[in-house]
Amino acid sequence: MNKKVLLVSWHFPPYKSSSAFNLFKRLKDTGYEYDVLQIKRKQQPDNVGMFKYAASKFNRYEIEVPIENARDGEARTLYVEKVLDYYNCLKCHNHYSVMVSHSHEIASHMAAMAIKKLNPKLRWVASFGDPIAANPYNEFYQFPLLKEDSQIEALVLQQADRIVITNSYQKKLVNRSLENPLDDEKFYVLPHCYDERMYQADLIHYRKSESKVFKFMHVGMLYKFKRTSEPFILGAQRLLLKHPELRGRFALEFYGANDRYIEAAEDYGLEGVVSFNGTISYLESLRKMTEADCLLLRDADFSDQGLKDTPFYPGKLADYLGAKKPIVAVTMKTGCVPDMLKKIGGASLTEENIEGIADAMYDALHGHLSINNIEAERFSYHNLVNRAQQALTFLQDKKKILIAGHDLKFAKFIMNAIEQSSDFELLIDKWQGHNKHDEEQSFKLLNEADTIFCEWGLGNTVWYSKHKKSGQRLITRLHLQEITTRSPEKFNHDSIDNYIMVSPYWYEKFVSEFSLKREKCKMIYNLVDIKLLDKAKNQEAKFHLGMIGDVPQRKRLDRALDIFENLYNLDQRYKLFVKGKRPEEYPWMHSRSRRSEMDYYRKQYKRIEDNGWKDNVIFEGHGPIDSWLQKIGYILSVSDFESFHLAPAEGLASGAIPIIFNWDGSSTIYPEKCIVETTEQACQSILQNRNLSSHDAKKYATDRFCSKFNSQLILNYL
């Protein structure tokens, strides 16, 4: 749940708001973490239970406003100001991948637009329930600030990175209000959905009715204009005129909204047939729907305003689909609802077709009306999770990966893979030492990064684990120095998503030593460029020993010289090549604490000189590793201890045979045939050629250390 989303919505659960419920259901299973900036309402929140159905996490921050009317100028201005205050505080501790604003309340979009102005790089997704300027209800309701809101909406549509709508007809309606219509690519259709688990809410325990009366049920809002109960009242009246024997066999129950037609049911001869049963919570309403025999959906007809198609996908229709009951809908001839019901089943009728409404009720009563549950299932939440995630993802945006550390030589292949990937952008925080860095630069890079990869778990991991933000990932790769420096004891382990160890032995050592959570720990071998090192050996390679790096003293140059000496005494064609910087070239080797160590190296130099080995023990500086290994038949790893030691892996990849003194963990990385206990065993292995073939050596390296494959393994965690 690393993706962090800022959600700006005037209304949001658990407070009652059908538009907010519809938004919640679409986002709740993305698995993301949302910081929600919503208003605090006076009403008691009666839908707290719905959060238990969410796989996502919602952190709600409630803003007090003087009045809950979002079209009140003072309340709107205060909300925007408070949203900005919260954002400026939250961004210090959170890394937001995207911001979502939701209307119908334009104040949500106004606040998001102000945030976008502060942070233009933050992706902004504007979700629209109903449009404002092009809303066909505008003709019937004198909404305050309609002109101003329409102008703000036009700015939102232009400035937001993506516009989320519920169906394709809504896109046409929105574009009608704009001088310069938006490109189709800017719109993203995310339809309303249902969650079948919510219909089993245990908040209210209903007794199953023993009545044989067929229940037509309408649940939800009715409006003064356009969306009234009149067509259903007239349909029921007509049904009884045609089939008087049905009186007492069916009832029309209304929940959530009453209107003048329901109140006047007696005037239509529907006394005892039509009833208003009050308001109930959203979760209760879902449970109530399952008790219906047929559900009534009221959509508005705007054909008198020149609209050919109904542009709305009512959230209530999604709720009805989850109840798995037949539906009788009063809507327009064509558009979103008729299109859906053609596939799903049920009846779709216009408001003037009272005869058709009566006939549809008759069919429902006699079991001739049903829905296609397979088609309805397309609108279940689990079939829309991926689509909801995609709505909040911009594929063209590269994930920013920050590599931080003092020594990045072992991370070069990971860095190359990041740079070569079209999915990532590489940032580098090069530290001057274990604990020395430019903190101002580190903070700057931290604010940009989506994922931080600490190469070595030293001061870099200590610092980043303390400053990492929610919404970012932090991975650290541990080698060996971490054991001796005890740096992991200073980590904020809760901030670290994964630890990567380079061998099975050190995996177990780190887990045990620092009580790391095993589920966070991964073992990925160090990386070797297999293709680069796969070159033909020189003819004399079988007499050439190679040693890559002999500093510090624990690398045991003396032991390498012992092996060489024994072989040289048998055959003077043997040579020892030592690759890398000399100890005197390292400034830190000239410190007082290293005097005895420098004496050690002087002693080895004297040994070489005294024995006349200058032509056979050859010190070489840095240079291309691939061409150097062509002359090496045996690669030595004679250290007192190592975490991995890359030299044998590189040697194997070139077809050279490793000679490895049995340092702790060596057998968990390298072939047992290559591991020895003594100088004598080392010499016998070389002389008797008891190790791997060159072919087997290369295959062993390819199977375990391939830079291309192992880089991808690491990238999978970023």
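The values are calculated or read from the model by the stated rules, or taken from the named source; none is laboratory data. These numbers come from a predicted model, not from an experiment. For neighbour counting, all protein chains shown are included, and Cβ atoms are generated from backbone atoms with ideal geometry for every residue, glycine included. Calculation scope for accessible area: heavy atoms of the full protein, side chains included, ligands and nucleic acids excluded. Shrake-Rupley method; radii C 1.70, N 1.55, O 1.52, S 1.80 Å.
Among the residues examined, ALA133 qualifies as modelled with pLDDT under 75 and either assigned to a helix (DSSP H, G or I) or buried (at least 17 other Cβ atoms within 10 Å of the Cβ) (or both).
Yes or no, residue by residue, for (1) assigned to a helix (DSSP H, G or I); (2) in contact with an Asp or Glu (Cβ under 9 Å, 6 or more places away or on another chain); (3) closer than 19 Å to VAL676 by Cβ:
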site	(1), (2), (3)
MET547	no, no, yes
ASP550	no, no, yes
ASP562	yes, no, yes
GLU565	yes, no, yes
VAL578	no, yes, no
LYS581	no, no, no
MET598	yes, yes, no
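Number of residues in segment 619-642 that are surrounded by 23 or more Cβ atoms within 10 Å (Cβ to Cβ) and acidic (Asp, Glu): the value is 1.
Kindly provide the set of residues from segment 349-363 that are over 17 Å from ASP299 (Cβ atoms) and either open to solvent by 50 Å² or more (accessible area, probe 1.4 Å) or under 45 Å from the mean Cα position of the chain (by Cα) (or both), ordered by number. Selection gives GLU355, ASP359, TYR362, ASP363. If you go through segment 466-488 and pick out every residue that is in a helix (DSSP H, G or I) and surrounded by fewer than 20 Cβ atoms within 10 Å (Cβ to Cβ), you end up with 6.
Looking at segment 600-619, which of its residues are part of a helix (DSSP H, G or I) and basic (Lys, Arg)? Within segment 600-619, ARG602, LYS603, LYS606, ARG607 qualify.
Given the criterion farther than 15 Å from ILE563 by Cα and open to solvent by less than 70 Å² (accessible area, probe 1.4 Å), identify the matching residue among PHE705, PHE709. Being farther than 15 Å from ILE563 by Cα and open to solvent by less than 70 Å² (accessible area, probe 1.4 Å) holds for just one of PHE705, PHE709, which is PHE705.
Of the residues that make up segment 39-59, is at least one surrounded by 21 or more Cβ atoms within 10 Å (Cβ to Cβ) and among the acidic types (Asp, Glu)? No, that holds for no residue. Within segment 217-229, residues that are under 14 Å from ALA329 (Cβ atoms) reach partners that are of a type in the set (A, V, I, L, M, F, W, C) and open to solvent by 70 Å² or more (accessible area, probe 1.4 Å) with beta carbons closer than 9 Å, at six or more positions or on different chains, in the pairs ARG227/MET221.
In segment 515-530, how many are touching a residue at least 60 places away in the same chain (Cβ under 8 Å) and either open to solvent by 40 Å² or more (accessible area, probe 1.4 Å) or assigned to a loop (DSSP other than H, G, I, E, B) (or both)? Of the residues in that region, 6 qualify. Restricting segment 173-195 to residues that are surrounded by fewer than 18 Cβ atoms within 10 Å (Cβ to Cβ) and part of a helix (DSSP H, G or I), which is modelled with the lowest pLDDT? That would be ARG176. Here LYS444 clears all of (1) part of a helix (DSSP H, G or I); (2) closer than 12 Å to ALA404 by Cβ; (3) open to solvent by 10 Å² or more (accessible area, probe 1.4 Å) except the condition numbered (2). Counting residues in segment 576-593 that are out of contact with any Pro (no Cβ under 8 Å at 6 or more places or on another chain), modelled with pLDDT of 95 or more and open to solvent by 50 Å² or more (accessible area, probe 1.4 Å) gives zero. Listed conditions (1) surrounded by 14 or more Cβ atoms within 10 Å (Cβ to Cβ); (2) touching a residue at least 40 places away in the same chain (Cβ under 8 Å) are all met by GLY73, apart from (1).
Count of segment 301-333 residues, restricted to those that are assigned to a helix (DSSP H, G or I) and in contact (Cβ under 8 Å) with a residue 24 or more places away in the chain, is 11.
Would you pick out the residues in segment 212-222 that are touching a Leu at 6+ places or on another chain (Cβ under 7 Å) and open to solvent by less than 20 Å² (accessible area, probe 1.4 Å)? Of everything in segment 212-222, those that are touching a Leu at 6+ places or on another chain (Cβ under 7 Å) and open to solvent by less than 20 Å² (accessible area, probe 1.4 Å) turn out to be PHE216, MET217, HIS218.
Okay, residues lined up against (1) under 49 Å from the mean Cα position of the chain (by Cα); (2) hydrophobic (A, V, I, L, M, F, W, C):
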| position | (1), (2) |
| --- | --- |
| PHE514 | yes, yes |
| ASP534 | yes, no |
| LYS537 | yes, no |
| ALA541 | no, yes |
| ASN569 | no, no |
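Cβ-Cβ distances below 6 Å connect the following pairs, each with a first residue in segment 429-455 that is closer than 22 Å to LYS121 by Cβ and at pLDDT 95 or above, a second residue that is surrounded by 21 or more Cβ atoms within 10 Å (Cβ to Cβ) and among the hydroxyl-bearing types (Ser, Thr, Tyr), and a separation of six or more residues or different chains: ILE452/TYR464. The set of residues from segment 223-251 being modelled with pLDDT under 90 and either loosely packed, with under 12 Cβ neighbours inside 10 Å or touching a Ser or Thr at 6+ places or on another chain (Cβ under 8 Å) (or both) comprises LYS224, PHE225. Going through segment 76-93 one residue at a time, which ones are open to solvent by 20 Å² or more (accessible area, probe 1.4 Å), under 26 Å from LYS468 (Cα atoms) and either part of a helix (DSSP H, G or I) or in contact with a strand residue (DSSP E or B) (Cβ under 7 Å, 6 or more places away or on another chain) (or both)? LYS82, LEU84, ASP85, TYR86, ASN88, CYS89, HIS93 - these are the residues of segment 76-93 that are open to solvent by 20 Å² or more (accessible area, probe 1.4 Å), under 26 Å from LYS468 (Cα atoms) and either part of a helix (DSSP H, G or I) or in contact with a strand residue (DSSP E or B) (Cβ under 7 Å, 6 or more places away or on another chain) (or both). The residue that is most open to solvent (accessible area, probe 1.4 Å), counting only those in segment 1-30 that are under 18 Å from the mean Cα position of the chain (by Cα) and at pLDDT below 95, is MET1.
All of ASP85, ASP72, ASP35 fail the test of being in contact with a helix residue (DSSP H, G or I) (Cβ under 8 Å, 6 or more places away or on another chain) and acidic (Asp, Glu), apart from ASP35.
Right, GLY346: open to solvent by less than 50 Å² (accessible area, probe 1.4 Å) and without any contact (Cβ under 8 Å) to a residue 40 or more places away in the chain or not? Yes, satisfied. Applying the condition of being open to solvent by 10 Å² or more (accessible area, probe 1.4 Å) and touching a residue at least 40 places away in the same chain (Cβ under 8 Å) to segment 643-654 and asking which residue is nearest to GLY549 (Cα to Cα) yields LEU646.
Of all residues in segment 14-58, those that are part of a loop (DSSP other than H, G, I, E, B) and of a type outside the set (Phe, Trp, Tyr) total 18. Within the span defined as segment 305-312, every residue fails to be out of contact with any Leu (no Cβ under 8 Å at 6 or more places or on another chain), aromatic (Phe, Trp, Tyr), open to solvent by 10 Å² or more (accessible area, probe 1.4 Å) and closer than 23 Å to TYR199 by Cα.
Checking every residue in segment 485-507 against the condition of being among the β-branched types (Val, Ile, Thr) and over 30 Å from PRO671 (Cβ atoms) gives at least one match.
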